[in-house]
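Novice: Structure incoming, see below.
The values are calculated or read from the model by the stated rules, or taken from the named source; none is laboratory data. These numbers come from a predicted model, not from an experiment. Virtual Cβ from ideal backbone geometry, glycine too; neighbours counted across all protein chains shown.
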Amino acid sequence: MTTTPKTQTPSREDELRIPFTAPLLPQVRFQVGEWATGRGLPRDRGEEFVLAVNEVASNAVQHGGGHGLLQVYEQHGALHCQISDEGPGFAREVGASVMCGPETAESGRGLWMVQQLTSHMKITTGTAGTVVTLAVLLPTE
């Protein structure tokens, strides 16, 4: 985990960008699932990706100011999802709880689950907000 100011990924031609709040989370799940399926992610892996995205988006709503921005894009044989918020950021201790797993962590169980469901997870946090980037590999033919 890195403690730096919030960054935004430049817009990509075929990305899905969705500003969201709590009432929009069901629509976010649907759109991300459809988008991932359209890029060739198998159904079971797509469901895991949507679950991971939903967990991070829900955290953004709950802890990051009530809203966020989701960007999903394909790059280097993987689907990436970047979720940013404008909350106060994480305490440094969150990294340890994410790595420990649910049986030892007091909080961060959702992020631990996200880490298990994705190929990559990066958290960048600071006083301007938090950006969580997830990735899942696309199947090779």
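Novice: Mind listing just one residue for me: the one in region 126-139 that is of a type outside the set (A, V, I, L, M, F, W, C) and at pLDDT 90 or above and, of those, nearest to G40 (Cα to Cα)?
Specialist: At the first step, the residues of region 126-139 found to be of a type outside the set (A, V, I, L, M, F, W, C) are 126-127, 129-130, 133, 139.
Adding the requirement that they be at pLDDT 90 or above leaves 129-130, 133, 139.
Values: G129: 32, T130: 29, T133: 20, P139: 8 Å.
Checked region 126-139; the qualifying residue nearest to G40 (Cα to Cα) is P139.
Novice: List the pairs whose first member sits in region 50-61 and is of a type in the set (D, E), whose second member is surrounded by fewer than 23 Cβ atoms within 10 Å (Cβ to Cβ), and whose Cβ atoms are under 7 Å apart, counting only residues at least 6 apart or on separate chains?
Specialist: E55/G110; E55/M113
Novice: Let me ask something else. Of all residues in region 15-27, how many are over 11 Å from G68 (Cα atoms) and touching a residue at least 12 places away in the same chain (Cβ under 8 Å)?
Specialist: 2
Novice: Under 7 Å between Cβ atoms, which residue pairs at least 6 apart in sequence (or on different chains) link something in region 113-132 that is farther than 15 Å from L69 by Cα with a partner that is charged (D, E, K, R) and surrounded by fewer than 21 Cβ atoms within 10 Å (Cβ to Cβ)?
Specialist: Close Cβ pairs satisfying both conditions: M113/E55; V114/E55; L117/E48; G126/K6.
Matching residues to (1) of a type outside the set (F, W, Y); (2) over 13 Å from the mean Cα position of the chain (by Cα); (3) modelled with pLDDT under 95; (4) not in a helix (DSSP H, G or I):
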| site | (1), (2), (3), (4) |
| --- | --- |
| A52 | yes, no, no, no |
| E74 | yes, yes, no, yes |
| H80 | yes, no, no, yes |
| R92 | yes, yes, yes, yes |
| E103 | yes, yes, yes, yes |
